[in-house]
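Reviewing the structure listed below.
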Amino acid sequence: MAEFKNDIDRMSYALALNMATSIRHMPVKLNYDIFGEAVNELLKGGKPAITQAEYGEYMQKLQNELAKAEQASNADSAAALEEEKKFMAENGKKEGIITTASGLQYEVLTPGKGGERPGPKDVVRVHYEGKLLSGKIFDSSIQRGEPIEFPVNQVIPGWTEALQLMEIGSKFRLYIPSNLGYGAHGAGNVIPPNATLIFEVELIGFFKN
């Protein structure tokens, strides 16, 4: 772990963090050890280990790989939207499924009590588990064994809408289309672009913020 002695150290680390975050999310395979060594050597004035011609050749090759990855991602995104359209249409016909004006679908697994529902600025305490259409679990407070708290209006639109329909003690299963979730960009390496999300959410309680 880096140790910071002054603001120059912290600015240097912040720049490295910015670079590392961008490069880590590039959809091509890279040798991070060579990358790190090269940056260190070149910033200290070291002589490049490849010629200018080789630099041009391999930068072009990198651009080509990125273009291919983008094309594949676009194809996957289009396929995901088609899968979502079919799934939501069929799911909406099932008994107990309610479809809202926004396109959110939900079913009540356990009714709540009291009649009071959280507002958009209230802080809720919930247990939840999120899955993709494939059944893969991508996040679960249940598995972690610890409920989570957050303001209703600071999560994805599908959650914000659904939470305001829930009473304390209720448990819903949510079917969130991608436009009410993480959209065309997805969320890192966890949720792919245009992913339909399925959540089981239990509202444990809430308080006014």
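The values are calculated or read from the model by the stated rules, or taken from the named source; none is laboratory data. Only a predicted model underlies this, so the values are computations on that prediction, with no experimental measurement involved. Reconstructed Cβ throughout: ideal geometry from the backbone, glycine too, with neighbour counts over all protein chains shown. Note: areas computed on protein heavy atoms with side chains; ligands, DNA, RNA excluded. Shrake-Rupley method; radii C 1.70, N 1.55, O 1.52, S 1.80 Å.
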Once label points are set 7 Å from the Cα along Cα→Cβ at both Glu107 and Thr51, what is their separation, rounded to one decimal in nm?
6.7
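Calculated from DSSP H runs of 4 or more alone, at -39500 (n - 2.57) each and per residue, what is the 222 nm mean residue ellipticity of the chain, nearest 500?
Working: 5 runs with 81 residues, N = 209.
Mean residue ellipticity at 222 nm (helix-derived): -13000 deg cm²/dmol.
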By how many nm would the segment from Val155 to Leu15 grow when fully extended, if each residue of separation counts as 0.36 nm and the alpha-carbon distance is taken off?
47.6 nm
For Pro147, the net charge from surrounding residues (Cβ-Cβ under 14 Å; K, R +1; D, E -1) works out to -3
Signed unit charges on C-beta, dipole axis of the chain, positive-most listed residue Val190, Ala101, Asn18
Ala101
Solvent-accessible heavy-atom area per residue, rounded to whole Å², over the chain at 1.4 Å
66
Taking Cα atoms, how many degrees apart are the long axis of helix 52-91 and the longest axis of the chain, rounded to 10 and kept between 0 and 90?
10
Note the angle between two axes, namely the Cα long axis of helix 32-43 and the longest principal axis of the Cα atoms of the chain, as a number of degrees from 0 to 90, rounded to the nearest 10.
50
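What is the gain in length, in nm to one decimal, between Glu3 and Leu132 on full extension, counting 0.36 nm per residue of separation less the C-alpha to C-alpha distance?
On the way: separation 129, 0.36 × 129 = 46.44 nm, distance 3.96 nm.
So the chain would gain 42.5 nm between Glu3 and Leu132.
Top to bottom by accessible area (1.4 Å), largest first, where do Val201, Val108 land?
Details: Val201 0, Val108 75 Å².
Highest to lowest solvent-accessible surface, that is Val108, Val201.
How would you classify region 1-85 from its alpha-carbon gyration tensor, with a ≥ b ≥ c the square roots of the eigenvalues: rounded for a/c under 1.5, else prolate if a/b is greater than b/c, otherwise oblate?
It is oblate, given that a/c is not under 1.5 and a/b is not larger than b/c.
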Cleavage-rule hits, GluC sites (Glu not before Pro), region 1-73, DSSP coil, Cβ neighbours within 10 Å at most 13:
Glu3
Kindly express, to the nearest 10 degrees and within the range 0 to 90, the angle between helix 7-24's C-alpha long axis and the longest C-alpha principal axis of the chain.
70
Measuring from its Cα centre, region 70-144 shows a charge dipole (+1 at each Lys and Arg Cβ, -1 at each Asp and Glu Cβ) which, in debye to the nearest 20, is 380
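What longest region of the chain stays clear of trypsin sites (Lys or Arg not before Pro) that DSSP places outside H, G, I, E and B and that have at most 15 other Cβ atoms within 10 Å?
Values: sites that count: Lys5, Lys29, Lys44, Lys93, Lys94, Lys113, Lys121, Lys136, Lys208.
The reported range is 137-207.
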For P(r) over Cα pairs in 5 Å bins from 0, in percent, several values are listed as (1) 1, 7, 14, 16, 16, 14, 11, 8, 6, 4, 2, 1, 0, 0; (2) 1, 8, 16, 19, 20, 15, 10, 6, 3, 1, 0; (3) 1, 6, 11, 14, 13, 11, 10, 9, 8, 7, 5, 3, 2, 0, 0; flag the one computed from this structure.
(3)
Reachable aspartates and glutamates from Lys85, Cα under 17 Å, same-chain residues fewer than 8 places away excluded?
Asp76
For Leu163, Leu133, what's the largest-to-smallest order of accessible area, 1.4 Å probe?
Leu133, Leu163
Using Cα positions and a limit of under 24 Å, work out the lysines in reach of Lys86, with same-chain residues fewer than 8 apart set aside.
Lys94, Lys131, Lys136
Cut-off 11 Å, label point 7 angstrom out along Cα-to-Cβ of Asn91: give me the residues of region 139-175 whose amide nitrogen falls inside.
173-175
Rounded percent of accessible protein surface that carbon and sulfur make up, the chain, 1.4 Å probe:
55
According to a simple spin-label model (label point 7 Å from Cα along Cα-to-Cβ), what is the distance in nm between Asp122 and Gln60?
6.2
